[in-house]
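Structure record follows, encoded as structure tokens.
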Amino acid sequence: QVQLVDSGGGLAQAGGSLRLSCAASGIIFSLGTMGWYRQYPGKQRELVAVITSGGLKNIADSVKGRFTISRDNAKNIVYLQMDSLKPEDTAVYYCYVQERGYGNWGQGTQVTVSS
């Protein structure tokens, strides 16, 4: 079973930056797609950015040019560098990791951007 620990959320001012990290541990044979989703209150979880094991990326239009996703395959960590933050980026961010085709979710980290 895969355990995910995501961290790095918090409070930032508009125009500022935060970096999220998600470390996978446990019984890991092969990690596939890794990435981040976010959820607004009362809304469904939405994709922010994901990256495949081969490095292909899918980034939401709303964050393109501001957020950068990367991964360290040796350490089983995925990062989300968030720059030029906007108040509308305020949400709970969830790490997502595929392991042998199964999806696993982190516990979520709150990101709050003040105007």
Considering the chain as a Gaussian network with a 10 Å cut-off on Cα pairs, which listed residue, GLY42, GLY54, GLY15, attains the greatest mean-square fluctuation? GLY42
All other residues with a Cβ under 14 Å from the Cβ of GLY8 taken together, and with Lys, Arg as +1 and Asp, Glu as -1, what is their net charge? -1
Selected from TYR94, TYR79, TYR40 as most flexible by GNM, with the chain as the system and alpha-carbon contacts under 10 Å: TYR40
Most fluctuating of VAL48, VAL97, VAL63 in the GNM of the chain (C-alpha, under 10 Å) is VAL63
Could you tell me the accessible area of SER53 in Å² (1.4 Å probe, neighbours in place), rounded to the nearest ten? 70
Just to be sure I follow the definition: excluding the sites themselves, where is the longest run in the chain that has none of the trypsin sites (Lys or Arg not before Pro) in a DSSP loop with at most 12 other Cβ atoms within 10 Å? 1-42
The range 24-41 scanned against label point 7 Å out from ARG66 along Cα→C-beta; backbone N under 17 Å for 36-41
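The values are calculated or read from the model by the stated rules, or taken from the named source; none is laboratory data. This structure is a prediction, so every number in the text was calculated from the model and none was measured. When we count neighbours, we look across all protein chains shown, and the Cβ atoms used for this are built from the backbone with ideal geometry, even at glycine. Surface accessibility is based on the protein's heavy atoms, side chains included, excluding ligands, DNA and RNA. Shrake-Rupley method; radii C 1.70, N 1.55, O 1.52, S 1.80 Å.
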